[in-house]
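To keep things clear, I will list the structure first and then write my remarks on it.
Values quoted throughout were computed directly from the atomic coordinates according to the rules given, and no laboratory measurement underlies them. The model shown is predicted, which means the values in this text are computed figures rather than measured ones. Here Cβ is always computed from backbone atoms with ideal geometry, including for glycine, and neighbour counts include all displayed protein chains.
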Amino acid sequence: MSGLGLSLRLEGLARRYGEVAALRPSDLAIRVGEFLTLLGPSGSGKTTLLHLVAGYVEPSEGRVLMGERDITALPARARNIGMVFQNYALFPHMNVRGNVGYGLKVRGCRRPEIDRRVDAVLELVRLSELAERRIQTLSGGQQQRVALARALVINPDLVLMDEPLGALDRQLRRAVQLELRRLHDQHRRTTIYVTHDQEEALILSDRIAVMRDGRIEQIGTAAELYERPTNGFVAGFIGESNFFPARVVALADGRAQVAVPDLGVDLWAAAAPRLAVGMAAQLLIRPEYLSIEAEHGIPARVDEQVYLGELQALGLRLETGERLWLRRLAGPSIAPGSTVRVGWQADRLQILPPNPS
């Protein structure tokens with residue numbers, strides 16, 4: 001399994017069905033050997049984008065470039081792309097070896113070449129001992145690895161995966177996620193992966209593109225999206241969030257002063273782009289940046305307490321009625337109905353524009 005595949009570039013790529021924009025004009029650049037995940041809710045355009053890249057759907061406008069080659073008009077079979085489907089699409093009448101080697105067979109490869117490449121990829125995905133097994137006798141995780149082996153054996157320029165772990169239970173899903181990451185670190189094939197599961201995206205990805213309503217809202221590493229989201233939708237989709245309505249009072253050096261009625265304070269915090277004085281905004285505080293204070297802070301009532309192993313989550317309600325979550329290392333229980341004082345890490349606050357409409 002040699003090579004890293006090719007880079008991919010989308011220029012103004014879009015797909016409409018009548019008046020419905022399944023994918024709005026989008027630009028995207030994927031580096032050679034990168035694992036990029038398309039993350040978003042159902043209907044956000046993830047699978048449409050993937051199918052446009054694969055050649056299963058024709059774009060309404062825009063171009064797809066693989067390396068420096070424009071492949072927009074190429075049929076799917078001519079794009080040298082390995083595809084892993086959500087339902088795996090394996091042949092039940094074939095054994096593992098037959099399924100994995102099928103793509104090489106239809107490409108006219110000779111039997112010795114097929115055997116050599118199938119053996120190599122089965123070793124890569126740790127299925128060598130199951131080469132003669134029928135598909136029906138395999139577990140869900142093993143079938144997923146067969147589907148991945150079939151995609152890799154053709155030495156594709158690009159690997160596409162459309163929610164391939166959706167049918168697995170949680171424990172097996174986590175194990176296969178780690179296996180996929182190991183395989184990618186080993187072969188570094190340029191990969192686009194579709195999921196609506198944020199945890200899966202965080203585990204697998206070099207970068208993540210968060211999508212909503214047919215558009216890419218933000219692209220970045222997991223740390224960039226978590227620590228510097230450009231809007232409330234991205235912040236809410238990557239990690240847990242507390243939002244408070246605010247209004248921008250002043251701007252200076254990448255920071256904003258905002259009035260926050262629910263907290264009864266004016267404060268300064270890091271500001272996202274596209275804010276202006278007088279604009280409605282929202283203050284973002286992650287649950288782990290809130291704390292119970294002995295003296296300072298604002299009063300809140302404890303509504304509930306959730307045990308999370310070494311962590312503890314507290315559901316709190318402010319005097320304004322605003323609800324928020326606080327997460328901390330597990331400590332003494334606080335009875336529901338108790339009043340506490342809540343503080344925050346001032347250097348971890350973020351000011352974001354209103355959610356996009």
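Miscellaneous remarks
- Peptides 286-294, 304-312 ranked from most to least packed give 286-294, 304-312, packing being the mean of other C-beta atoms within 10 angstrom over each peptide's residues.
- Sorting 35-45, 118-128 by average packing, meaning the other beta carbons within 10 Å per residue, from highest down gives 35-45, 118-128.
- A simple charge model with +1 on the Cβ of Lys and Arg, -1 on the Cβ of Asp and Glu and nothing else charged puts the dipole of the stretch 240-352 at about 220 debye relative to its Cα centre.
- Farthest positive-ward along the stretch 8-232 dipole, Cα basis, beta-carbon charges - from S44, I219, M66: M66
- The orientation-averaged projected area of the convex hull spanned by the Cα atoms of the stretch 240-352 comes to 7.0 nm².
- Along the stretch 13-23 the Karplus relation, 6.51 cos²θ - 1.76 cosθ + 1.60 evaluated at θ = phi - 60°, assigns HN-Hα couplings of 6, 8, 9, 10, 10, x, 8, 8, 8, 5, 9 Hz to successive residues, with x for each Gly and Pro.
- Ordering of 143-153, 14-24 by burial proxy (mean other Cβ atoms within 10 Å per residue, highest first): 143-153, 14-24
- Volume per residue that the Cα convex hull of the stretch 8-232 spans, once the total is divided by residue count, Å³: 129
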